[in-house]
1. With both partners inside region 81-196, how many of the DSSP beta bridges are antiparallel, as a percent to the nearest 5?
2. Within 11 Å, Cβ to Cβ, of LEU62, how many net charges do the neighbouring residues add up to if Lys/Arg are +1 and Asp/Glu are -1?
3. For SER38, what is the net charge nearby, where nearby means another residue's Cβ is under 14 Å from its Cβ and Lys, Arg count +1, Asp, Glu -1?
4. Hey, which lysines would be in cross-link range of LYS156, C-alpha to C-alpha under 25 Å, not counting anything within fewer than 8 residues on its own chain?
5. Net charge near LEU228: determine it from the other residues with C-beta under 15 Å of the C-beta of LEU228, scoring Lys and Arg +1 and Asp and Glu -1.
6. Would you list, by chain and number, the lysines whose Cα falls below 16 Å from the Cα of LYS55, excluding same-chain residues fewer than 8 positions away?
7. Work out how much length ARG54 to ALA252 would gain on full extension: take 0.36 nm times their residue separation and subtract the Cα-Cα distance, in nm to one decimal.
8. Over the chain, what relative contact order in percent results from Cα pairs under 8 Å that are six or more residues apart?
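No value in this document is a laboratory result; all are computed from the given coordinates. Remember, predicted model here, so these are calculated numbers, not experimental data. Cβ coordinates were reconstructed from backbone atoms using ideal geometry, including for glycine residues, and neighbour counts include every protein chain displayed.
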Amino acid sequence: MTRILHLSDTHFGTERKPVVEAVLDVARAIEPDLVVLSGDITQRARRGQFAAARKFVQRLSLPVLAVPGNHDIPLFNLFARVLDPYGNYRRALGAALEPVFETPGLLAIGVNTTRPRRRKDGEISDAQIGRVAQRLRQARPGQLRVVVAHHPVRAKEESDLANLLINRERALAAWAQAGLDLVLGGHIHLPYVLPASAATGPGGPWMAQAGTACSRRVRGRVPNSLNLIVHEAEQGGRRACRVERWDYSDAAHAFALVHTTRVGGEPPAPGAAA
Ligand SMILES: [Fe+2]
């Protein structure tokens, strides 16, 4: 069994300290194979904020795959934004902006969808699409195939349509053909799980959005949340996993499972309960 702890939009600089501790409690209890940080790791890409993020990663003491979000690029420091937009990110989290992690049960590929010349919109290039597709085709049998990107590939709310990743449908078509199972993202602080594309539907790749794991910048009444992805044995020759959403409770000072979505595997038998 492979488990991924999916954290997003930690926004260090606006973190809620008790919630950070609760995230660490979950990580310690579960000991996932990988912790994913799907961008907006800091609030304003400042050194002190990245130092807090780095300390958090050190305290996790687990394999971490991180990709930048738009907040991880300096906004007001134009000098840094133009000349060295990822400098602070790299010093804190490592040189790779598009890291790859694999185990016998998992292939996880990070893509950098931020663009310093854009303020907050995300984009993926043909070169990135091709590189990820090629890596997906090299996956070994039994590996769950996951792409991590900050910007979402599908919206649940109409108001989020403008936040979607530019070139997403081209990317999803190529990656579906290359064997993609799941896209992990963040950016809009709203957790949900959907087929990644209306074009390929539930038989194609899926996407899981995580809310903000520990920031005060929650969206409306959506609490801090995180995802736990559990990849079990293949079902009927198809790779399957479940995506668990865990919400933070202020009363309990802890995260708890609130919802599970099954992704992939055998389609339910006609008439079977969902
Ligand atoms: Fe964010």
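1. Values: 4 of 13 bridges.
Beta bridges within region 81-196, antiparallel portion: roughly 30 percent.
2. Details: positive: ARG3, ARG28, ARG59; negative: GLU31, ASP33.
With Lys, Arg at +1 and Asp, Glu at -1, the net is +1.
3. Result for the neighbourhood of SER38: -4.
4. Answer for LYS156, where 25 Å is the Cα cut-off: LYS120, listed by chain and number.
5. On the way: positive: ARG3, ARG28, ARG242, ARG245, ARG262; negative: ASP25, GLU31, ASP33, GLU232, GLU244, ASP247.
Summing Lys and Arg as +1 and Asp and Glu as -1 gives -1.
6. LYS17
7. 68.6 nm
8. Values: 651 pairs, mean separation 53.0, N = 274.
Once normalised by length, the contact order is 19 percent.
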